[in-house]
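A quick write-up on the structure given underneath.
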Amino acid sequence: MNSTTDPTQRTRRQQQRKALDVVFEVNLVDGTEAERLSVQQAAVIRNVVQWCRRNGNSAPTDTSVT
């Protein structure tokens with residue numbers, strides 16, 4: 001068994017670790033702003049599902065895209 005690590009594998013692992021470092025902020029809204037954000041969120045989710053289907057990524061088969 002080879003105990004040395006391939007430099008490419010090491011770099012890939014480091015990049016994956018970096019990709020997991022996510023910072024986000026949560027803002028609570030209601031009323032008209034909440035409705036606007038709900039519509040925007042639905043559009044973004046729809047776009048992601050469509051992109052996944054076009055690019056051969058697995059998307060839930062029961063997801064309806066309209």
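The values are calculated or read from the model by the stated rules, or taken from the named source; none is laboratory data. All of these numbers come straight from a predicted model, not from anything done at the bench. Every residue, glycine as well, gets a Cβ built from its backbone with ideal geometry; the counts of neighbours run over all protein chains shown.
Here are some notes:
- For segment 27-37, residues that are polar (S, T, N, Q) and modelled with pLDDT under 95 total 1.
- Qualifying residue in segment 45-59 (condition: among the aliphatic types (A, V, I, L, M), at pLDDT below 80, assigned to a loop (DSSP other than H, G, I, E, B) and surrounded by 10 or more Cβ atoms within 10 Å (Cβ to Cβ)): yes
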